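Written out below as structure tokens is the structure these notes cover.
The values are calculated or read from the model by the stated rules, or taken from the named source; none is laboratory data. Keep in mind that this is a model prediction, so the values were computed, not measured. All Cβ positions, glycine included, derive from the backbone under ideal geometry; neighbour counts span all protein chains shown. Side chains are part of the model used for accessible areas, which takes the heavy atoms of the whole protein and leaves out ligands, DNA and RNA. Shrake-Rupley method; radii C 1.70, N 1.55, O 1.52, S 1.80 Å.
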Amino acid sequence: MNPQTNQPPYQGRLLIDGQWCDAADARRLERRSPAHGQLVAVYAEAGVPDAQRAIGAARKAFDKGPWPLLKGAERARILRHVADGILARKHALARMESLENGKPLAQSLAEIGGAADLWQYAAGLARNLHGDSYNTLGAATLALVLREPIGVVGIITPWNFPFLIVSQKLPFALAAGCTAVVKPAEVTSGTTVMLGEILLEAGIPAGVVNILVGQGAVVGEAMVSHPDVDMLSFTGSTAVGKQAVARSAATLKKVALELGGKNPQIVFADCDWEAAVDAAVYGIFFNAGQCCNSGSRILVQDAVADKFAAAVIARSRQVRVGDPFDERTQVGAITTERQLQTILAHVEGARQAGATVALGGARLDRPGLYMEPTVLTGVTRDMAIARQEVFGPVLSMLRFGTLDEAIDLANSTLYGLSAAVWSQDIDTCITAARRIKAGTVWVNTFLEGHAELPFGGYRESGIGRELGRFAAEDYTETKTVHLHLGARTDWYLPKA
């Protein structure tokens, strides 16, 4: 039986063309809790034939179904019903998220609530999508610029924020009038499958949303390369994102990518001390550091570097790692054994390169996939740990002298997702924010987000933006309609 639920494992099936079904080859996939080792769920595991059926259903629903042609108000009504359904099942969704992912239950509850808000926000955009018109092109011309849904969207989501990230994509695609095939990460598929139940209850037409649990190399590959998928929206590692772009080239589909980050928090000597120390600790240990936005690099001005490191280490010792269902827990389990081993390898590599493991650095000696909160000092920009995404609770601390040095250090990786600046001097903050190459720069705060604000990265952190008032437009094509009025003058054709 599952811990806290006292229920048998969840039985998940594939959602294809409005119907729940088993995989064509009857394969099954099991998921065990990384915190407890107990069986959480058993899923039908999709293969290529299932992916082809799902893509075909989405294609038919787009080409022949009512969804793209519905009034924006009608699509908005259904999206609002989905948001209501999410809130009605908030506790069940959060429990599944914590069981499969290992994150604290309180965090899961907050994320589910945030996801419902995204569906509400997308509902508003469904009624506000519009084109343009030009009545200034002469007496014989009137032109319209139309926004039309792009078509079938393939959505591939990661394991670190499964429900929140699908909610950063799917409702905006639906608001635009698209249909979709969704593949969640195979280790955290539960809440996305449960979302399928909510969608059907809300009245989504058959084939508009199809959900496949399966391996990326099988189902994801089929979605990326299939000519009937018009757009791919992918969140995951930079390495896999590059592969997806390469594989999609044969069909020239539109690709939106939200990828990795090696995000700096720049701490100047005149910072709000307590707030900056707290943000440094929260920024790396939130979600056990398994976050593309994780503040994994702290850049501290020389004058306060030693004092700040000592304060961060002291505060980090107080971080409570434990069972996701213990209300005192701040950091839960690492989601997979493979990821835990990857994190440990990064720490060992940093140690060998000359960094000091000032705190933690090891697996916790207890059942489950738990890692000690880890702080590395003496890190220099040439070390791999300063440039590569660890995706775990490992903080690297570096030093700088001047503002110019801080900016240069902040921009010294191939990533550019987010950053933070800590100073009570507004000139310092604005100058740094303008020069840092990142999609989001927080000033005197960290890891805050709102549906209204675009999210995405520079360079190898991705392509495109999610959220914000243009989010639904990203799932559209622009069409020009050029109308000629009155008689047309012949050009080269001979007159009769």
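Looking at segment 392-436, which chymotrypsin sites (Phe, Trp or Tyr not before Pro) are in a loop (DSSP not H, G, I, E or B) and have at most 14 other Cβ atoms within 10 Å? Numbers along the way, then the final one.
Working: sites: PHE400, TYR415, TRP422; in loops: TYR415.
Loop-located and lightly packed - none at all.
Across segment 227-272, C-alpha contacts under 8 Å between residues 6 or more apart give a mean separation that, scaled by the residue count, equals a relative contact order of 46 percent. Per-atom-type breakdown for the chain gives carbon and sulfur 52% of the accessible area (1.4 Å probe, protein chains only). Packing, as the average of other Cβ atoms within 10 Å across residues, places the peptides 236-244, 101-109 in the order 101-109, 236-244, highest first.
In units of 2.2 N^0.38 Å, what is the alpha-carbon radius of gyration of segment 1-157?
On the way: Rg = 21.0 Å, N = 157, 2.2 N^0.38 = 15.0 Å.
Normalised Cα radius of gyration, segment 1-157: 1.40.
Take each peptide in 68-76, 327-335, count the other Cβ atoms within 10 Å of every residue, and average; sorted highest first, the result is 327-335, 68-76. Spatially, segment 331-392 and segment 90-120 are offset by 26 Å when compared through their Cα centroids. Per the Kirkwood formula applied to alpha carbons, segment 155-301 shows a radius of gyration over Rh ratio, Rg over Rh, of 1.07. Please give the helix 273-285 orientation as an angle from the longest Cα principal axis of the chain, in degrees from 0 to 90, rounded to the nearest 10. On a 0 to 90 degree scale, this one is about 70. For segment 376-496, the Kirkwood radius over C-alpha pairs fed into Stokes-Einstein at 4 °C and 1.567 mPa s yields D = 71 µm² per second.
Taking the square roots of five times each eigenvalue of the Cα gyration tensor of segment 295-432, the equivalent ellipsoid has semi-axes of 28, 17, 14 Å, listed largest first.
With all protein chains kept in place, the per residue accessible area of the chain amounts to 42 square angstrom at a probe of 1.4 angstrom.
Rounded to the nearest whole angstrom, the semi-axes of the ellipsoid equivalent to the chain, taken from the Cα gyration tensor as √(5λ), stand at 41, 31, 19, largest first. Measure out, as a whole number of angstrom, how far apart the alpha-carbon centroids of segment 417-461 and segment 246-310 sit. Value for the Cα centre distance between the two parts: 10 Å. Checking every one of the GluC sites (Glu not before Pro) in segment 376-459 against DSSP loop status and a limit of 15 other Cβ atoms within 10 Å picks out GLU448, GLU452. From the Kirkwood radius over Cα pairs of segment 250-342, Stokes-Einstein at 37 °C and 0.692 mPa s returns a whole-number translational diffusion coefficient of 214 µm²/s. Could you tell me how many degrees, from 0 to 90 and to the nearest 10, lie between the Cα long axis of helix 72-88 and the main elongation axis, the longest principal axis, of the Cα atoms of the chain? In the chain, helix 72-88 runs at an angle near 30 degrees to the longest axis.
Tell me the volume per residue, in Å³, of the convex hull enclosing the alpha carbons of segment 142-191.
Numbers: hull volume 3.6 nm³, N = 50.
In segment 142-191, the Cα hull volume divided by residue count equals 72 Å³.
Taking every C-alpha pair closer than 8 Å and separated by at least 6 residues, the mean separation divided by the residue count of the chain gives a relative contact order of 17 percent.
If packing is taken as the average number of other Cβ atoms within 10 Å across a peptide's residues, how do 480-487, 351-358 rank, most packed first?
Working: 480-487: 9.5, 351-358: 15.4.
Descending mean neighbour count gives 351-358, 480-487.
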